[in-house]
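The block underneath contains the structure these notes are about, expressed in structure tokens.
Since every read-out is calculated from the coordinates, none of them should be taken as a lab result. As the structure is a prediction and not an experimental result, all values here were calculated from the model. Please note: Cβ atoms are built from the backbone with ideal geometry, for glycine as well, and neighbour counts cover all protein chains shown.
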Amino acid sequence: MQNYISTTRTKQKQYFHSATTLALPFRKQMLHKLLHAMKQYEQSLAEALWTDLHKSYEEAYLTELSIVYGEIRNHLRHLSRWARPERKSSPLAIMPATSRIIKEPLGNTLIIAPWNYPVQLLLNPLVGAISAGCTAMLKPSPYVPNVSRVLTEMIRATFPEEYIAIVEGNREVNKMLLAERWDLIFFTGSPSLGKMVMEAASKHLTPVVLELGGKSPCIIDKSADLKVAAKRVAWGKALNAGQTCIAPDYLMIHEDVKDKFLQLLVKEWKHLLTKDPQKAKHFVRIVSDKALDRLVSYLPASSHTSSLKGESEGSIYYGGHYDKAERYLSPTILTNVSPDAPVMQEEIFGPIFPVLTFKQLDEVITFVNEREKPLALYYFGKEDKKILRHTSSGGTCINDVIMHIVNHKVPFGGVGNSGMGSYHGQESFLAFSHRRAVIKTPTWVDMPFRYMPYKLFELVKNLV
């Protein structure tokens with residue numbers, strides 16, 4: 001495998017330097033090919049998502065396929081404008097030179113995707129790579145083997161490997177990939193793995209885009225429309241069974257509305273998933289036995305026998321049912337949770353909602369700011385200006401959850417521990433591009449003041 005990776009990267013380097021990928025007509029043609037391939041493999045991808053994650057066709061289309069379709073079409077519409085050189089004014093000191101910025105592709109890129117949205121999170125960055133004029137090596141997740149198999153078949157049937165290649169495998173393959181020298185590494189995954197990627201990239205000073213995660217707070221103020229909030233929060237946590245990097249991770253509810261909101265939340269879950277979510281068509285399963293064991297360990301000890309270290313805390317307000325044979329875990333609410341409980345120490349990545357309460361919004365601000373900056377922050381209420389002024393997060397929704405990922409006109413990405421760099425729409429094109437400054441100076445005149453011994457220095461001093 002190491003030999004294949006090294007050989008393919010060399011082929012891609014040679015292919016990139018042939019300048020084939022630079023022409024805009026070529027890039028657009030490749031985007032059309034990707035769009036056509038996805039249409040051809042749509043049913044196979046949907047079936048694989050059902051097999052690996054119990055993801056219904058409707059959810060697969062809305063959260064995976066349609067997002068990639070939209071990204072491709074957006075790039076096809078706007079690529080010519082995005083790639084156009086930008087003219088900039090020149091200061092008096094360099095006149096009569098002209099100044100502009102050209103966008104050039106970074107070159108040979110590596111894209112490593114996770115398992116939770118395995119189609120979207122592999123192919124959306126690829127759209128940016130193609131659009132910018134790069135080559136790409138793709139690495140899907142081994143935790144969704146059927147999806148990875150279909151993606152591999154699709155990519156190999158669509159593109160030559162010297163342009164777009166794909167390799168499957170576990171973390172050992174990741175290490176082999178990261179040992180190579182790339183011009184950009186685009187990684188989506190956990191903060192702990194993101195640090196490993198950044199460490200490997202630092203050996204070659206390779207730029208990285210890290211789309212990570214973290215504990216995204218969901219704040220329910222007493223001024224919130226509780227019914228609407230409950231409906232949107234219930235959907236956001238149920239989506240992909242909470243296995244979403246921007247899922248609301250934990251609830252902070254004003255103590256005056258806690259009981260009413262939790263009642264409404266349970267009601268909305270029953271409406272979305274019926275009284276028995278295990279039989280619901282649209283409720284995804286946990287990706288692996290190991291992931292389920294980790295989630296079950298967060299439940300109070302009386303509800304399970306955990307083989308994992310650490311003691312669970314809190315009380316089950318709702319849910320807590322699981323079936324290891326199906327890797328099923330019901331939507332669950334935990335109350336009486338300590339901020340120091342294990343469930344509050346790392347991203348949950350599952351359908352468990354720990355609940356904290358507050359009296360004053362300042363308590364929330366302090367709590368959020370004492371922890372790592374989250375990938376997303378959700379606030380329901382009328383004090384959004386205060387929240388935005390005094391906190392930081394990768395993205396934010398006011399009176400909603402998840403939906404900031406839908407608008408390709410705004411950047412999607414993290415900050416601090418939740419990631420660096422952003423993409424979607426034009427941001428994807430820019431993520432795989434270098435904005436190169438170009439100053440063009442004519443030769444018909446050559447100003448003497450910049451040369452030693454710096455005559456007219458006092459005059460020049462006032463110009464620079």
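Quick notes on this one:
- Sorted by Cβ neighbour density within 10 Å, fewest at the top, the residues GLU326, GLU268: GLU326, GLU268
- Put simply, the convex hull of the Cα atoms in region 217-409 casts, on average, a shadow of 10.7 nm².
- Span-like helix ranges in the chain, DSSP H, alpha carbon extent 15 angstrom or more, Kyte mean at least 0.5: 120-132
- Fewest-first ordering of ILE405, ILE352, ILE101 by other beta carbons within 10 Å of each residue's beta carbon gives ILE101, ILE405, ILE352.
- Site pair HIS204 and TYR57 shows an inter-label distance of 4.2 nm when each label is modelled 7 Å from Cα along Cα→Cβ.
- Label zone (GLU372, point 7 Å along Cα-to-C-beta; backbone nitrogen cut-off 19 Å) within region 194-220: 194-202, 208-218.
- Which listed pairs, of LYS175/LYS203; LYS227/LYS258; LYS227/LYS373, have C-alpha distances above 20 Å, in listed order: LYS227/LYS373
- With a cut-off of 15 Å on the backbone N, the residues of region 221-264 near the modelled label site 7 Å out from ASN399 along Cα-Cβ are 221-233.
- Available extension along the chain between ALA97 and GLU42 is 14.6 nm, counting 0.36 nm per residue and deducting the alpha carbon span.
- Charge dipole (debye, nearest 20) of region 217-409; +1 at Cβ of Lys and Arg, -1 at Cβ of Asp and Glu: 720
- Option label - Cα extents along the principal axes in Å computed here, alternatives [x] 111, 42, 39; [y] 66, 62, 61; [z] 84, 56, 39: [z]
- Applying both filters, DSSP loop and at most 16 other Cβ atoms within 10 Å, to the GluC sites (Glu not before Pro) of region 84-177 gives GLU168.
- Inter-probe distance in nm under a simple model that places probes 7 Å from Cα toward Cβ, at ASP362 and ASP256: 1.7
- Computed from the C-beta positions of GLN345 and SER288, the FRET efficiency with R₀ = 22 Å rounds to 0.60.
- The Cβ shell under 15 Å around PHE449 holds other residues with a net charge of +1, Lys and Arg each +1, Asp and Glu each -1.
- Ranked HIS54, HIS271, HIS434, criterion: other C-beta atoms within 10 Å, fewest first: HIS271, HIS434, HIS54
- For the chain, the Cβ-based charge dipole about the Cα centre amounts to some 1700 debye (Lys, Arg positive; Asp, Glu negative; other atoms uncharged).
- Pairs of lysines in region 1-155 (C-alpha under 25 Å apart; 8 or more residues apart or interchain): 17
- Region 336-409 and region 107-151: distance between their alpha carbon centers, rounded to Å: 29
- Per-residue ellipticity at 222 nm, computed for the chain from helices alone with -39500 (n - 2.57) per DSSP H run of at least four residues, works out to -12000 deg cm²/dmol.
- Applying a DSSP loop filter and a limit of 10 other Cβ atoms within 10 Å to the trypsin sites (Lys or Arg not before Pro) in region 159-256 leaves LYS203.
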